[in-house]
1. Pick from G128, G137: which is among the small types (G, A, S), within 16 Å of the ligand (Cβ to nearest atom) and either touching a Phe, Trp or Tyr at 6+ places or on another chain (Cβ under 8 Å) or within 13 Å of I6 (Cβ to Cβ) (or both)?
2. Contact list please: Cβ distance under 6 Å, first residue in segment 117-138 and over 12 Å from S104 (Cβ atoms), second residue open to solvent by 30 Å² or more (accessible area, probe 1.4 Å) and within 13 Å of the ligand (Cβ to nearest atom), pairs at least six apart or on different chains.
3. Among (1) open to solvent by less than 60 Å² (accessible area, probe 1.4 Å); (2) hydrophobic (A, V, I, L, M, F, W, C); (3) away from the ligand (no atom under 15 Å from the Cβ), where does V123 come up short?
4. Which of the following residues is touching a strand residue (DSSP E or B) at 6+ places or on another chain (Cβ under 9 Å), away from the ligand (no atom under 16 Å from the Cβ), of a type outside the set (D, E, K, R) and part of a helix (DSSP H, G or I): V142, V60, V48?
5. Among the residues of segment 1-45, count how many are of a type in the set (A, V, I, L, M), assigned to a loop (DSSP other than H, G, I, E, B) and either within 11 Å of the ligand (Cβ to nearest atom) or within 14 Å of the chain's Cα centre (by Cα) (or both).
6. Within the bounds of segment 107-121, is there any residue that is closer than 24 Å to R35 by Cβ and more than 12 Å from the chain's Cα centre (by Cα)?
7. Given the options R113, R109, R92, name the one that is over 20 Å from G18 (Cα atoms), within 10 Å of the ligand (Cβ to nearest atom), out of contact with any Leu (no Cβ under 9 Å at 6 or more places or on another chain) and open to solvent by 10 Å² or more (accessible area, probe 1.4 Å).
8. Would you check which residues across segment 1-15 are at pLDDT below 95 and open to solvent by 30 Å² or more (accessible area, probe 1.4 Å) and list them?
Amino acid sequence: MARFRILVLNGPNLQLLGRREPEIYGRCTLDDIRRQLEGRAAELGVEVEFVQSNCEGELVDAIGAAPGRFDGLVLNAAAYTHTSVALLDALRAVQLPTVEVHLSNPAAREPFRAHSYTAMACVGIVAGFGADSYRLGLEGLVRYLERRERSECDESGS
Ligand code: DQA
């Protein structure tokens, strides 16, 4: 049985990855990313479930339904990152450890991307490494959950 169950939530337009502005987001499709992440999750002994929606309310619902089913979230809220108080409130309501991920580095792009509502409720952020951001985010989250389980300090290195 998996040690942890992780919900990987994807926001608007990410279903277009591979074709969408590949110079910014790369050539991997969301399916490629899902497969890579499932492979890494198996190595780590955890389970991931992938969800993508273009609707803010569906993402809010998915976060609201996560407690009891999932131990943590990897979240790429895409454009809602920069606009959604509703997603921030949902994350705060469920109190599940969440790592925000982005393929690009929003802080190095248009000024309106510099602010993230969702990051205010996250334990960490990984941005700018393309599809690898998801893998790094998953690894960071699993490490966070392990530490929390063992009540270790950050610096344990084990
Ligand atoms: C994104 C960055 C957001 O600013 C943008 O709206 C996206 C994708 C990323 O993964 O780089 O849709 O979240």
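1. G137
2. That search, which allows pairs on different chains as well, returns A119/I125.
3. (1)
4. V142
5. 1
6. no
7. On inspection, the qualifying residue turns out to be R113.
8. Passing the criteria: M1, R3.
The values are calculated or read from the model by the stated rules, or taken from the named source; none is laboratory data. Keep in mind it's a predicted model, so treat the numbers as computed, not measured. Note that each Cβ is placed from the backbone with ideal geometry, even for glycine, and that neighbours are counted across all protein chains shown. Ligands, DNA and RNA are excluded from the accessible area calculation, which covers all protein heavy atoms including side chains. Shrake-Rupley method; radii C 1.70, N 1.55, O 1.52, S 1.80 Å.
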